[in-house]
């Protein structure tokens, strides 16, 4: 275990290698963002067909979390991280060379699956390396590295797309392979999660996790949060459009979210590390629900900016502790599966958010944002009930 002594001190070389790999992997992550434009403008697919392709990517993102969790417990952290990133690079090249709907759907599914498979490995590795007191700090920096990389990718993608969509595929592929090589060369081979040298891996699997009532309850809390949080990229631009605001203003407002996270996430680490993680989690959900609830009153760009700042602070609080809370719930030899199932819930929220949000928006923005606030309130109440039982398990 490593006891972190300061904001950035105490992190060993392997941790910074993971952060560097995540940043490199994300800095080129442009294809899925622009895939809808590519399919309709470059490949000439209908909007319906493009929607089918994008759904394949989402399904791949759900399945890969389950597969990735199993592989972490069997193969180890480094193999899954490096393999996921490198395979994504090759899948992108196959997608770029496909011009028929069948191969495009298959390749998009593979891209969606391989692009997200590293997440259970990263989460389980951090839980393995650091003490419970240091997990919020470590996960905050992981989240920060991903967000900075993704923000840079949006800028880079905007420049490259002017020269054609093909360049997006090649640059995205190159950064994925580079990230995989970086992780493989710099991260030590730590083996399976919870593995004991010379012993066979303990028995256990997803069925055992499904009997863990605390974990299931926490997954439901996360699902509520995830469905609300994902409205930012799905129904929020639609609601702004109904208020007569342009897509460029939506881009600016989401840029405000990125700036808030990039600037304030590192600054919040010392404060969050001293607080009870369950209270931080609930604070994050309260801020998220308040921010989206207040969106029902917004009609101008300035008012939307104000609401985004509120729920962005909630995002910072939640992301600092959400994975740290999973760590003491998971037996060491099942960390990969626990984090894989947790990732599946996030991916499911990504699929469910637009389905629920668009249907609510058809009946009015006030209903949509009211339901979002209500879901966060339900999640906070559920976490209040779960927290005492979770603390007792953490103390064992």
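What follows is calculated from the coordinates using simple rules that are stated; it is not laboratory data. As the structure is a computational prediction, the values presented were derived from the model and not from experiment. All Cβ positions, even for glycine, are placed from backbone atoms using ideal geometry, and neighbour counts span all protein chains on display.
Things to note:
- Residue of 273, 46, 14 that the Gaussian network model of the chain assigns the largest fluctuation, springs spanning Cα pairs under 10 Å: 46
- Mean-position separation - Cα centroids, the stretch 104-164 and the stretch 32-88, in angstrom: 13
- Length added when fully stretched, residue 248-residue 163, from 0.36 nm per residue minus Cα-Cα: 28.6 nm
- Extension gain for the segment residue 216 to residue 52, taken as residue separation times 0.36 nm less the Cα-Cα distance, is 56.0 nm to one decimal.
- Residue 37-residue 263 pseudo-label distance in nm [points 7 Å out on the Cα-to-Cβ vector]: 2.7
- Computed over the chain, the per-residue total of -39500 (n - 2.57) for DSSP H runs of n ≥ 4 gives a 222 nm mean residue ellipticity of -26500 deg cm²/dmol, rounded to 500.
- In angstrom, the C-alpha Rg and Dmax of the chain are 20.4, 65.
- Were the residues from residue 90 through residue 133 laid out at 0.36 nm apart, the gain over their Cα-Cα distance would be 11.6 nm.
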